[in-house]
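Reading through the structure tokens given below for one structure.
The values are calculated or read from the model by the stated rules, or taken from the named source; none is laboratory data. Quick caveat: nothing in here was measured; it's all calculated off a predicted structure. Positions of Cβ are backbone-derived with ideal geometry, glycine not excepted, and every protein chain shown enters the neighbour counts.
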Amino acid sequence: MGFNNSDHEDGGQAGASTDVATIYVCITCRGPGGLVRDPLPGALLADATLQAAAGSGITVRPIRCLANCSRGPSAAMRANGSWTYIFGGLDPACGPALVAGARMLAEAPDGILPWRGRPDVLKRGLCARTPPLDFKEAQE
């Protein structure tokens, strides 16, 4: 595939000190049916997302296994202080949608990815979201 360790350290995106958001893409995802193919569908998604993010300030980090195998290929996104969102059922055509969603998340004042304006694939493919480490539920 077109990525390696040096590619995703900055991958054409901003470095760690200026990241607006990070997208983690599972490169080991096999996709529907779990068949081993070369290249793996997750690796293709990672490449497409890296290309879509070039020059955007969004960091893309290809990683091994998001443990969402039954709904792969998968990706997760977060921004400083935001919730983390996990998506499944993705394919390489979803790279630009992941970048658009990451930008929306980075701009969300409450750290929650807005529903309105979110790319459809990120509405259909949402698997879970997890709160930031310092999250405290408001008491009623």
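Are any of the residues in region 61-69 modelled with pLDDT under 90, touching a helix residue (DSSP H, G or I) at 6+ places or on another chain (Cβ under 7 Å) and crowded, with 21+ Cβ neighbours inside 10 Å? Talk me through it step by step, then tell me what you get.
As a first pass, look at region 61-69 and keep what is modelled with pLDDT under 90: 69.
Imposing the further condition that a residue be touching a helix residue (DSSP H, G or I) at 6+ places or on another chain (Cβ under 7 Å) reduces the set to none.
Taking every residue of region 61-69 in turn, none turns out to be modelled with pLDDT under 90, touching a helix residue (DSSP H, G or I) at 6+ places or on another chain (Cβ under 7 Å) and crowded, with 21+ Cβ neighbours inside 10 Å.
Within the group ALA93, ALA108, which residue is more than 28 Å from PRO32 (Cβ to Cβ), surrounded by fewer than 17 Cβ atoms within 10 Å (Cβ to Cβ), out of contact with any Gly (no Cβ under 9 Å at 6 or more places or on another chain) and touching a residue at least 24 places away in the same chain (Cβ under 8 Å)? Walk me through it before giving the result.
Details: ALA93 fails: more than 28 Å from PRO32 (Cβ to Cβ).
Residue meeting the stated conditions: ALA108.
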